[in-house]
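The values are calculated or read from the model by the stated rules, or taken from the named source; none is laboratory data. As the structure is a computational prediction, the values presented were derived from the model and not from experiment. All Cβ positions, even for glycine, are placed from backbone atoms using ideal geometry, and neighbour counts span all protein chains on display.
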Amino acid sequence: MLLFVFVALTACVRIGQLGLFEQTPERASLAEALLPSRGEITDRNGLPLARAFASYSLWFNPKALGEGGAPLVKTPEEVARALLGIFPDADYADLVARLKAGKPGYLRRRVLPEEANKVFALGEPALEFPREEQRFYPQGSLAAHVLGYVDEAGKGHVGMEQVLEPRLLDPAYRGTPTALSIDARAQGALEDELGRGMMETNAKGAAGLILDADSGEVIALASLPSFNPNRSDMAFNDLVFNRVSNQVYELGSTFKPITVASAIDAGVITDLSVRYPAVPFPVGKFTIHDSHNFGASLNVPEALIHSSNTVTAHVADLLGPVRLRATMMALGMNERPTIELPARGFPLWPHGGGEGGKGDWARLTTMTVSYGHGIAVTPLHLASAYAALVNGGIWRPATLYKVDPAHLPPGRRVFQASTSARLRQLLRMIVADGTGRKADAPGFRVGGKTGSAEKPGTGGYRKTSLIATFAAAFPMDKPRYVVIVMLDEPQGTTATSGQRTAAWNAAPIVGRLVPRIGPMLGVVPDAHHDVDISDLSPLVGSGDGE
């Protein structure tokens, strides 16, 4: 007995030595064979988002019954009808054509075991089930535009499946899951609330983003309508288009806080009690006007609370094209958004007033850009800009990789810390007292700005087609997250009291979303703390904006 134990121990030691010191090609090949064919992708908490798994395919082997004979026991039409009963989404005519052609080939990829059993029960030897490793997305369509998909040939497309392809296929790395910055819980909540908002307003599309205000990590990113990456026929499908990173929009009044911050930084605004004309503002042949009559004049806090185009235009006129343009460039508004995704939209950047569109912006261009018209960027651009507005003034690139809090990616200063502190006050006031009231979530100190912009069309802007956006951050006394919500062509419905603007449709989405994601992300409601706006409150009169 003792001799047996000794021999067994000696064998174990020898096996260990072989594993450590004698990694032969055969053993290396065996170790590689035990790895998944493609590495796993997880969310930031380790929840699997994409993994490889063994599955079946349905293969037609016309020679299964021998040479020269009929390939099928029954007629191609009968077999096709039987297969249609198992796979209702199959094309009957296509199945008949393939079965009649008598050529070997796939009839279907990614067949479930229960489906394979049903096909086997048909008693057709020519229908075979080769086992293959396929890509599987256990959360279904969750974060589809982040992940992308893998086609039948095993090639990644569109999202991080494409970006990470070399790593996911490398034997040195594919045994270790790759963690993204996404939080699947927050992602699900964002998709749910965006979907509800899109349905309630009959919008043609929606986009949303939750960004860590300090690190630039994308906590959630959603583009609707979405798709299910488990389907292998997504090539050239319009649903894979990403509205967050690849589509540019004129985002309207969400730009007004950026203009005000630039003016405060430049010393153009030093006294927030100063009043500016709020009446229609003629500039050449064009007249800038507001959606409501706010009286003869407004100060800057009132202009932001009520969303005044005219006052923002006056501020931009004083600021001038050089400084506003420099601020927009510092925020990356003149280049593709910075993120790992392969599809990133190029902004529609205003031409200068000089020959060939070069040089400084014209006076009118400077004014319209100040309130988000005449410039088109992605919602991702806006999220990164708002992070800089509220985090102390530092712009950082957005990322889909999980970031070590002790090693934040390098950024660049765009606004002074004191300017950022003032903007936190102003953005909080907009939600507490202005157009953003429906975004408020008790105890979460939400701040933000509405934006309702007419979509450009042939011959000018289309008054019946809006982009409705709400750009938010919370908690505003110490901002941790930026939230962007956008609806494409929302309609006035019963749910929005017949209104189409962001105050009535995008802002409520934020108001529902923040209480859901706050506790998930470590932000608990606190009714006893808020941003101190006591020095600004006396400056604000009554009124309402968009």
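In this structure, residue 382 does not qualify as over 15 Å from residue 251 (Cα atoms), touching a Leu at 6+ places or on another chain (Cβ under 6 Å) and either of a type in the set (A, V, I, L, M, F, W, C) or not assigned by TED's automatic domain parsing to the domain that holds residue 435 (or both). Just so you know, in region 151-169 the residues that are touching a residue at least 24 places away in the same chain (Cβ under 8 Å) and not aliphatic (A, V, I, L, M) include one that is nearest to residue 39 (Cα to Cα), and it is 167. What residue, among those in region 48-81 that are among the polar types (S, T, N, Q) and touching a strand residue (DSSP E or B) at 6+ places or on another chain (Cβ under 6 Å), is modelled with the lowest pLDDT? This residue is 55. From the list 111, 150, 119, pick out the single residue that is at pLDDT below 95, over 19 Å from residue 218 (Cα atoms) and more than 33 Å from the chain's Cα centre (by Cα). Unique residue meeting the criteria: 119. Taking each residue of region 230-251 that is more than 13 Å from residue 343 (Cα to Cα) and modelled with pLDDT of 95 or more and looking for partners that are hydroxyl-bearing (Ser, Thr, Tyr) and surrounded by fewer than 23 Cβ atoms within 10 Å (Cβ to Cβ) with beta-carbon atoms closer than 9 Å, six or more apart or interchain, yields 250/461.
Of all the listed residues (107, 122), the sole one being crowded, with 18+ Cβ neighbours inside 10 Å, without any contact (Cβ under 8 Å) to a residue 60 or more places away in the chain and outside the structural domain of residue 340 (by TED's automatic domain parsing) is 107. Checking each residue in region 89-100 for being more than 16 Å from residue 124 (Cβ to Cβ) and over 35 Å from the mean Cα position of the chain (by Cα) picks out 92, 93, 94, 97.
All of 498, 459, 447, 451 fail the test of being in the same structural domain as residue 194 (by TED's automatic domain parsing) and in contact with a Lys or Arg (Cβ under 7 Å, 6 or more places away or on another chain), apart from 447. Scanning region 463-499 for residues that are in a helix (DSSP H, G or I) and of a type in the set (S, T, N, Q) gives 494, 496. When you check residue 511 against the structure, is it in contact (Cβ under 8 Å) with a residue 24 or more places away in the chain, in the same structural domain as residue 380 (by TED's automatic domain parsing), outside any loop (DSSP other than H, G, I, E, B) and not aliphatic (A, V, I, L, M), yes or no? In short, yes.
For (1) closer than 30 Å to residue 433 by Cα; (2) of a type in the set (Lys, Arg); (3) touching a residue at least 24 places away in the same chain (Cβ under 8 Å), each residue gets a yes or a no:
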| position | (1), (2), (3) |
| --- | --- |
| 285 | no, yes, no |
| 293 | yes, no, no |
| 309 | yes, no, yes |
| 334 | no, no, no |
| 337 | no, no, yes |
| 341 | no, no, yes |
| 344 | no, yes, yes |
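Among the residues of region 292-309, what is the count of those that are within 27 Å of residue 361 (Cα to Cα) and surrounded by fewer than 23 Cβ atoms within 10 Å (Cβ to Cβ)? Residues that pass the stated criteria total 2.
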